[in-house]
Amino acid sequence: MLYVTIMFYERIRMHPNKHIREALKYAEVQGWAFAKSHGHAYGRIRCCFRHSDCQMWIWSTPRNPEGHVRRIRKTVEACPGEDTYDS
């Protein structure tokens, strides 16, 4: 688990915007996973319960970085959690 956490921080620490890095750390603390991408999208976050609504693309250079940070936090906070997990 320690290795996974270190790898997560290694991947997100390279994002050019410090506020987005902080929002990604917040998502990780809430149990979300980050997957690095290529191209304009920097990566993608998903909740650990794999809800279809609980995922979001993280842009490398969003048009409005502050708004992007707010959307990241709102998406993470809106996750219904384990209670509504259907297999």
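Scan region 13-35 and report the pairs whose first residue is free of Cβ contacts under 8 Å to residues at least 40 places away in the same chain and whose second residue is surrounded by 15 or more Cβ atoms within 10 Å (Cβ to Cβ) and of a type in the set (Asp, Glu), with Cβ atoms within less than 7 Å and a gap of 6+ or a chain change.
PHE34/GLU28
Looking at LYS74, LYS36, can you tell me which residue is among the charged types (D, E, K, R) and in contact with a Lys or Arg (Cβ under 6 Å, 6 or more places away or on another chain)? Spell out the reasoning first.
On the way: LYS74 fails: in contact with a Lys or Arg (Cβ under 6 Å, 6 or more places away or on another chain).
The match here is LYS36.
Could you tell me which numbered condition PHE49 fails, if it satisfies all but one of (1) more than 15 Å from PRO16 (Cα to Cα); (2) surrounded by 17 or more Cβ atoms within 10 Å (Cβ to Cβ)?
With (1) more than 15 Å from PRO16 (Cα to Cα); (2) surrounded by 17 or more Cβ atoms within 10 Å (Cβ to Cβ) applied to PHE49, the lone miss is (2).
Those residues that are under 13 Å from the mean Cα position of the chain (by Cα), under 17 Å from HIS15 (Cα atoms) and modelled with pLDDT of 95 or more, I need them from region 59-87; list them, please.
Listed by number, the residues that qualify are HIS68, VAL69, ARG70, ARG71, ILE72, ARG73.
The values are calculated or read from the model by the stated rules, or taken from the named source; none is laboratory data. All values derive from a computational prediction rather than experimental measurement. Positions of Cβ are generated from backbone atoms using ideal geometry, with glycine treated the same way; all protein chains shown enter the neighbour counts.
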